[in-house]
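Heads up: the structure comes next, in structure tokens.
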Ligand SMILES: [Ca+2]
């Protein structure tokens, strides 16, 4: 009877172990439909790279001001992010690296749209970055509700006007985006149970 119970516990522990592995794999996010729009000169050479939960945008020519062809321009980035599991996205971290001199400034806004139940679930409002000390800029945008499919729109306006006797420049070079995925309480409970079963199994050895 005891042996049967031990065997049953072992099977349960194995099942929970498998669940834990699938939960770990589930945290990957798929990024699609990445677009760069705005002023052609500023988005030329733009590219992106993706990781398990992050996407980074590289903008080698997003610069305006002295010794540049333009004194102002815009960069608009859109993309979609999907998580095809019970995992949810909750928070966003944004880092903007660049440089500001003189009259240079960056106006930034971001809107996050839920694609499952259409509606805006996050917004930065309009942020005015006008001092180099404010860079790198980082920000969390918490969604008003969790979802498995979002569309993100980021707009940057770079301005270096007026042309003062000093150096006037506005540049963004790297935009890093990380999406925070939060497991549902049910998944956490299952992982907890799995751990308990594994500990019990180890103690019996
Ligand atoms: Ca100047």
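The values are calculated or read from the model by the stated rules, or taken from the named source; none is laboratory data. Remember, predicted model here, so these are calculated numbers, not experimental data. Virtual Cβ from ideal backbone geometry, glycine too; neighbours counted across all protein chains shown.
Would the range 90-108 turn up any residue that is touching a strand residue (DSSP E or B) at 6+ places or on another chain (Cβ under 6 Å), farther than 27 Å from residue 160 by Cβ and either within 16 Å of the ligand (Cβ to nearest atom) or at pLDDT 90 or above (or both)?
Scanning the range 90-108 turns up no residue that is touching a strand residue (DSSP E or B) at 6+ places or on another chain (Cβ under 6 Å), farther than 27 Å from residue 160 by Cβ and either within 16 Å of the ligand (Cβ to nearest atom) or at pLDDT 90 or above (or both).
Testing residue 41 on (1) at pLDDT 95 or above; (2) assigned to a strand (DSSP E or B), one condition comes back false. Which one is that?
(2)
Looking for something under 27 Å from residue 58 (Cβ atoms) and modelled with pLDDT under 85 - is there at least one such residue anywhere in the range 181-188? Quick ask: steps written out before the conclusion?
Within the range 181-188, the first condition is being under 27 Å from residue 58 (Cβ atoms), and the residues that meet it are 181.
In the following step, the residues that additionally are modelled with pLDDT under 85 were identified as 181.
Within the range 181-188, one or more residues are under 27 Å from residue 58 (Cβ atoms) and modelled with pLDDT under 85.
Looking at the range 136-151, can you tell me whether even one residue there is outside any loop (DSSP other than H, G, I, E, B) and closer than 20 Å to residue 37 by Cβ? I'd like the intermediate steps shown before the answer.
In the first step, residues of the range 136-151 are kept if they are outside any loop (DSSP other than H, G, I, E, B); the result is 137-140, 147, 149-151.
Retained after the next criterion (residues that are closer than 20 Å to residue 37 by Cβ): 150-151.
Yes.
Applying the selection to the range 125-137, what residues are at pLDDT 90 or above and away from the ligand (no atom under 16 Å from the Cβ)?
Narrowing the range 125-137 to residues at pLDDT 90 or above: 125-130.
Of everything in the range 125-137, those that are at pLDDT 90 or above and away from the ligand (no atom under 16 Å from the Cβ) turn out to be 125, 126, 127, 128, 129.
Going by the conditions given, is residue 140 within 16 Å of the ligand (Cβ to nearest atom) and in contact (Cβ under 8 Å) with a residue 24 or more places away in the chain? Show your work before the answer.
Values: within 16 Å of the ligand (Cβ to nearest atom): no; in contact (Cβ under 8 Å) with a residue 24 or more places away in the chain: yes.
Here the answer is no, as residue 140 does not meet what is asked.
So which residues in the range 149-174 are closer than 19 Å to residue 48 by Cβ and away from the ligand (no atom under 16 Å from the Cβ), if there are any at all?
Answer for the range 149-174, where residues must be closer than 19 Å to residue 48 by Cβ and away from the ligand (no atom under 16 Å from the Cβ): 149, 150, 151, 152, 153, 154, 155, 156, 172, 173, 174.
Run down 197, 166 and say which single residue is at pLDDT below 90 and outside any strand (DSSP E or B). Please lay out each step first, then the result.
On the way: 166 fails: at pLDDT below 90.
Of the residues listed, the single one that is at pLDDT below 90 and outside any strand (DSSP E or B) is 197.
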